[in-house]
1. Kindly provide the set of residues from the range 225-264 that are of a type outside the set (S, T, N, Q), within 18 Å of W362 (Cα to Cα) and under 13 Å from the mean Cα position of the chain (by Cα), ordered by number.
2. Is there any pair with a first residue in the range 233-253 that is in contact (Cβ under 8 Å) with a residue 24 or more places away in the chain and a second that is basic (K, R) and open to solvent by less than 30 Å² (accessible area, probe 1.4 Å) whose Cβ atoms are under 7 Å apart and which are 6 or more apart or on different chains, and what are they?
3. Return the total of residues in the range 157-196 being assigned to a strand (DSSP E or B) and of a type in the set (F, W, Y).
4. Mind checking which residues of the range 14-31 are touching a residue at least 12 places away in the same chain (Cβ under 8 Å) and out of contact with any helix residue (DSSP H, G or I) (no Cβ under 7 Å at 6 or more places or on another chain)?
5. Report the residue count in the range 367-394 for those that are closer than 14 Å to Y198 by Cβ, part of a helix (DSSP H, G or I) and open to solvent by 60 Å² or more (accessible area, probe 1.4 Å).
6. Could you give every pair whose Cβ atoms fall below 8 Å, whose first residue belongs to the range 324-347 and is hydroxyl-bearing (S, T, Y), and whose second residue is buried (at least 16 other Cβ atoms within 10 Å of the Cβ) and assigned to a helix (DSSP H, G or I), counting only separations of at least 6 or pairs across chains?
7. What's the number of the only condition in (1) over 17 Å from P262 (Cβ atoms); (2) in a helix (DSSP H, G or I); (3) within 16 Å of the chain's Cα centre (by Cα); (4) not basic (K, R) that V220 fails to meet?
8. Considering only residues of the range 258-277 that are open to solvent by less than 40 Å² (accessible area, probe 1.4 Å) and outside any loop (DSSP other than H, G, I, E, B), which is modelled with the lowest pLDDT?
Amino acid sequence: MDFASRYLEDKAISRPLSTGTPEKDTALIIIIPAFDEAGIINTIDSLLNCTKPPCSVELIVLVNAPVHATPAQLEQNERTCTGLSEWKRRNNNSFIRLLWHNTGRMTLPGWGVGMARKMAMDEAVRRFSSIDQPEGVIVSLDADCTVSANYLVELYERLYKNDQHKACSVYFEHPQEGDMPEGVYRAILQYELHLRYYYRSLKYTGYPWVFHTLGSAIAVKARHYVRAGGMSKRQGAEDFYFIQKLVPAGGYFYLNTTVVKPSPRASLRVPFGTGPVINSMLAGKMNDYMSYNPDAFSVLRQFFAGIKNYYSQDIRPAGELMSGFNPGLKEFLTMNSWPDNLRLIRNNTSSEESFTKRFFTWFNMFRIVKYLNFVHARGYHEKMPVVPAAGAMLRLNGVEHKAHGAKELLAVYRRLERSSPEV
């Protein structure tokens, strides 16, 4: 039995989509789910303009539509298919082998971007399985992105060729100018600043597994995709949930030596994320992007700093230990049965190292988000416009800067991420 047979039998949501076998040296398979995408050829041309890696490369485009798709959206899907056929004819001898499939209108319950991404990634697993290539890299991209010229080479060298690396988030930057309305670029400056502020704030707390979670900027080796149970089927945040399954297993890193450039366009096709945020800001529902208060992260930093004490069997019971905690954190931990969970973690670990890993597996990214939403909703902290919040977090991190406004602060945050170690 090969590395993926059981997974494909139990968890794949479609039969094989493609015919033929990949080249034996195929090491990268890029997948793109596409629903109502007018600009996907720009994305594919961007991939074709990359420096050719020393391996064969495949690209799987899954043209799909939910059951409620409008006639106009279905017509755009047909134009996309025509464009893909023409691109393949023009570039038949290129180093990228294009495979595409049109699902039509899908009636599967819960169909959305999560299931579309999963179907395409499962097909990549199937193709790697057919050539017995468990270390082959599945690259998740979106149909509104472009990439830098070294994108494929960096994925090959730093993920495929590195035995210690299993999966990664890829560095991204949204365009700050172009042919969209000026309001779009003002909005994306704030939203991307929020994403980077949130990333830096989590680093500040001492949480060990901090990564960006964009579905258009992740890659994973086929074997480890299977071990993690595959992509989430959720209609939104499928990337977030999938990455949380990968990171605790180790070998996950931040590939910050290349760039994915997602579109800053407005969209309502998913319930949250870049598109809906831009749409809300353009509609005047928010002038400033409101982000979490830096003080909420400082509370977590103090809480995580005490982890050695939580491991010790000689300290007071967890319920008594909480008496000195910040009130918001104390209420949140009580609601989440922290004393019982701490006792369980202690009883099932035999070293500080294993305790720490299990502790952060419990107080994971899901719980951090719940904590942040809880303490802001209950009034323990007030949300802040992202610009002053981001400036304050830089000061907490000891970063000297003279930045004013979203654009200058974003430049500082980008520079910090590009200059930090990958792992």
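The values are calculated or read from the model by the stated rules, or taken from the named source; none is laboratory data. Computed from a prediction, not measured in an experiment: that's the story for all the values here. For neighbour counting, all protein chains shown are included, and Cβ atoms are generated from backbone atoms with ideal geometry for every residue, glycine included. To get the accessible areas, we keep the full protein, side chains included, count just its heavy atoms, and leave off ligands, DNA and RNA. Shrake-Rupley method; radii C 1.70, N 1.55, O 1.52, S 1.80 Å.
1. We begin by selecting, within the range 225-264, every residue of a type outside the set (S, T, N, Q); these are 225-231, 233-234, 236-243, 245-255, 259-262, 264.
With within 18 Å of W362 (Cα to Cα) added as a condition, the list becomes 228, 240-243, 245-250.
Of everything in the range 225-264, those that are of a type outside the set (S, T, N, Q), within 18 Å of W362 (Cα to Cα) and under 13 Å from the mean Cα position of the chain (by Cα) turn out to be F240, Y241, F242, I243, K245, L246, V247.
2. Within 7 Å, the pairs are K233/K118; E238/R117.
3. So the first thing to find is which residues in the range 157-196 are assigned to a strand (DSSP E or B), and the list is 167-172.
From the residues that got through so far, the ones that are of a type in the set (F, W, Y) too are 171-172.
Residues flagged as assigned to a strand (DSSP E or B) and of a type in the set (F, W, Y) within the range 157-196 amount to 2.
4. Of everything in the range 14-31, those that are touching a residue at least 12 places away in the same chain (Cβ under 8 Å) and out of contact with any helix residue (DSSP H, G or I) (no Cβ under 7 Å at 6 or more places or on another chain) turn out to be E23, K24, D25, T26.
5. So the answer is 1.
6. These pairs meet every condition: T334/M322.
7. Every condition holds for V220 apart from (2).
8. The qualifying residue modelled with the lowest pLDDT is G275.
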